[in-house]
Amino acid sequence: MYKSILLTPRMSEKAYGTSQALRTYVFDVPANTNKQSVARAVAEQFEVKVTSVNIANISGKAKRTVRKGGRQVKGRESDTKKAYVRLAEGNSLPIFAAIEEETAKAEATQAKIDKVAEKQAEKEAKKASKEKK
């Protein structure tokens, strides 16, 4: 039953930071869900132990558009509901795994570039010392 609740992870820098530091993951959830149903859904879908859940109702922003004839149309964005799910010690979700792999690859590539640049600098230094003699 709880596998049918749509849990959409929020992919933002703030959500990534809280997941790394606090083991707290942020999900967009349907408006009719409560803390208990979100906790059960996360536990069933990702097979982890949930410590706590906090929910925030986010009001939609007011928007105004001006049309060609000067007529203004007012509207609102949809309201949303966010769930902050904290996991037990030793549990994690693979939501940001692609980002972590990408940063690891970038660091490895940068290390190779630094090593090649260092070798090139050594060659140039040897060449310059030979020319001085």
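Can you tell me how many residues in the range 47-76 are out of contact with any helix residue (DSSP H, G or I) (no Cβ under 7 Å at 6 or more places or on another chain) and part of a strand (DSSP E or B)?
Within the range 47-76, residues that are out of contact with any helix residue (DSSP H, G or I) (no Cβ under 7 Å at 6 or more places or on another chain) and part of a strand (DSSP E or B) number 16.
Based on this model, can you work out whether residue 14 counts as exposed (fewer than 10 other Cβ atoms within 10 Å of the Cβ) and outside any loop (DSSP other than H, G, I, E, B)?
Judged against the criteria, residue 14 is a match.
For residue 75, work out the one condition from (1) in the same structural domain as residue 27 (by TED's automatic domain parsing); (2) out of contact with any strand residue (DSSP E or B) (no Cβ under 7 Å at 6 or more places or on another chain); (3) of a type in the set (Gly, Ala, Ser); (4) at pLDDT below 90 it doesn't fulfil.
(2)
Would you pick out the residues in the range 77-109 that are part of a strand (DSSP E or B) and not polar (S, T, N, Q)?
81, 82, 83, 84, 85, 86, 87
From the residues in the range 32-47 that are of a type in the set (Gly, Ala, Ser) and within 22 Å of the chain's Cα centre (by Cα), which one is farthest from residue 59 (Cα to Cα)?
Checked the range 32-47; the qualifying residue farthest from residue 59 (Cα to Cα) is 43.
Can you give me the number of residues within the range 34-58 that are of a type outside the set (A, V, I, L, M) and in contact with a strand residue (DSSP E or B) (Cβ under 7 Å, 6 or more places away or on another chain)?
So the count comes out to 6.
Pull up the range 107-133, narrow it to residues that are modelled with pLDDT under 85 and among the aliphatic types (A, V, I, L, M), then point me to the one that is nearest to residue 52 (Cα to Cα).
Filtering first and then ranking leaves 125.
For residue 62, state whether it is within 30 Å of residue 9 (Cβ to Cβ), surrounded by 10 or more Cβ atoms within 10 Å (Cβ to Cβ), within 27 Å of the chain's Cα centre (by Cα) and of a type outside the set (S, T, N, Q).
No.
Which condition does residue 118 not pass, out of (1) under 23 Å from the mean Cα position of the chain (by Cα); (2) outside the structural domain of residue 5 (by TED's automatic domain parsing), if it passes all the others?
(1)
The values are calculated or read from the model by the stated rules, or taken from the named source; none is laboratory data. What you see is a predicted model; the values in this text were computed from it and never measured. Positions of Cβ are generated from backbone atoms using ideal geometry, with glycine treated the same way; all protein chains shown enter the neighbour counts.
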